[in-house]
Amino acid sequence: MRGFLVASIVGLALSALLPQLPGLALTLALLVAVTLVLFLWAKSSLWIILVGLTFGVSWHLIWAHSQLDKRLPSVLEGELIVVEGLLSAYPHGAIAARVSRLI
């Protein structure tokens, strides 16, 4: 179990080094293949480590795709967007002094 967790963390870190994301369909296919291997053939520690590595890579890539889906649509780029909010507290200390001088 420890080998699986360490390999998953290494997979997460390695997938962050990719220059671009592969397609979501490829990532999901990879995750399904890893799940099948885990349930059917993962008997030795080497298989479990390889499955953990692939699971970590798949998990990170699916998360990255979900984060990219939350971006601002390209249609709205360059458009004026009004944002409203409520300031619930003022900063204290040195930051407050700088803010009061600007106001």
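A few notes on this one:
- Filter result for the condition that a residue is at pLDDT 80 or above, in a helix (DSSP H, G or I) and among the polar types (S, T, N, Q), over Thr27, Thr35: Thr27
- Leu17 passes every criterion in (1) modelled with pLDDT of 85 or more; (2) of a type in the set (A, V, I, L, M, F, W, C); (3) in a helix (DSSP H, G or I); (4) surrounded by fewer than 13 Cβ atoms within 10 Å (Cβ to Cβ) apart from (3).
- Members of the range 66-80 that are modelled with pLDDT of 85 or more and under 23 Å from the mean Cα position of the chain (by Cα): Ser66, Gln67
The values are calculated or read from the model by the stated rules, or taken from the named source; none is laboratory data. All values derive from a computational prediction rather than experimental measurement. When we count neighbours, we look across all protein chains shown, and the Cβ atoms used for this are built from the backbone with ideal geometry, even at glycine.
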